1. Between Glu211 and Lys26, what is the label-point separation in nm under the 7 Å Cα-to-beta-carbon projection?
2. Which residue, Val77, Asn172, Leu48, has the largest displacement toward the positive end of the dipole of segment 28-217 when charges sit on each Cβ (Lys, Arg +1; Asp, Glu -1)?
3. Please name whichever of Tyr183, His121, Asn138 sits farthest to the positive end of the charge dipole of the chain, dipole taken about the Cα centre and charges placed at Cβ: Lys and Arg +1, Asp and Glu -1.
4. In whole angstrom, note down how far apart the Cα centers of segment 75-120 and segment 157-218 are.
5. At a 1.4 Å probe, what is the % contribution of carbon and sulfur to the accessible area of segment 14-99?
6. Please state the relative contact order of segment 28-217 as a whole percent: Cα pairs under 8 Å, 6+ residues apart?
7. Which of the aspartates and glutamates could a cross-linker bridge to Lys3, judged by Cα under 13 Å and excluding same-chain residues fewer than eight apart?
8. Antiparallel versus total DSSP beta bridges in segment 28-217: what percent is that, nearest 5?
Amino acid sequence: MLKKITTQDGSCSFYDSVIKETYHSKNGALTESLHVYISKGLDYWINLNQKLELCKVFEMGFGTGLNAVLTKRFSEVNKKIISYSSIEKFPLSFDQIKTVSLKDLSPNENKILNSLWNEIHEISPFFKIHKIHDDFFNIINKDFYDVIFYDPFAYHAQPYMWSEKALKISTNLLKKNGVWVSYCAKGEVRRILERLGLCVERISGPPGKREMLRAIKN
Ligand SMILES: C[S@@+](CC[C@H](N)C(=O)[O-])C[C@H]1O[C@@H](n2cnc3c(N)ncnc32)[C@H](O)[C@@H]1O
């Protein structure tokens, strides 16, 4: 059962009463997404790879599509071509998403939220999206993406999404020098990423979280 919530920065999200977890931080859904995924993940990679024309992003957990919309905006402001793939096991309907989405969405941004699953959609000259309706554990790709947005529900709600098995699937998707980011700062997750051979940093988190994790594939 999903309940709409308004977070500290005025942006909205959902609380899932079955797993007792929110889709975003109560301290600010928009602020969290901009900080963790856009600034510390995507912008970080772009700055390190300014000569590369294309950035391939993979998101674990499409949810409300907030990260996807913010990435599309980033691509246009920075004139970077971004190919965005996002997997979701339990897609929300467009009507559900509309109740919590940003209020100033353009028609193209609504298309991100409303487009059919399992097809590639050219949203703008800079941004295309492939929304994959599937279980993350069915992924078999390797070495494919520059940036991973790892955004499952938190550890207490979905501990298996933070297991070595899951983290290995997600980091296998990264190309060499690719960047993996998540809001999570848990020591156990950091140690697993290190065991998997990534170079892991604890960096400043969004409001309400002292730290988050960023990992680079060597
Ligand atoms: C924290 S929310 C993601 C929020 C989202 N990134 C956004 O911008 O709104 C976690 C999402 O992961 C999805 N999810 C959980 N387990 C999954 C799995 N095994 N495979 C694919 N998606 C999964 C959930 O259904 C939920 O939509």
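1. Simple spin-label model gives 2.4 nm for this pair.
2. Of Val77, Asn172, Leu48, it is Leu48.
3. Of the options given, the answer is Tyr183.
4. Going from one Cα centre to the other spans 24 Å.
5. Values: 2040 of 3690 Å².
Ligands and nucleic acids excluded, carbon and sulfur give 55 percent.
6. On the way: 342 pairs, mean separation 43.5, N = 190.
Taking the mean separation of contacting Cα pairs over the length of segment 28-217, I get 23 percent.
7. Here the aspartates and glutamates satisfying the reach criterion relative to Lys3 are Asp16, Glu21.
8. Looking only at bridges with both residues in segment 28-217, the antiparallel portion is about 40 percent.
The values are calculated or read from the model by the stated rules, or taken from the named source; none is laboratory data. Every value quoted in this text rests on a predicted model; they were computed, and no experiment measured them. Backbone-built Cβ (ideal geometry, glycine too); neighbour counts: all protein chains shown. The accessibility values were calculated without ligands, DNA or RNA, using every heavy atom of the protein model including side chains. Shrake-Rupley method; radii C 1.70, N 1.55, O 1.52, S 1.80 Å.
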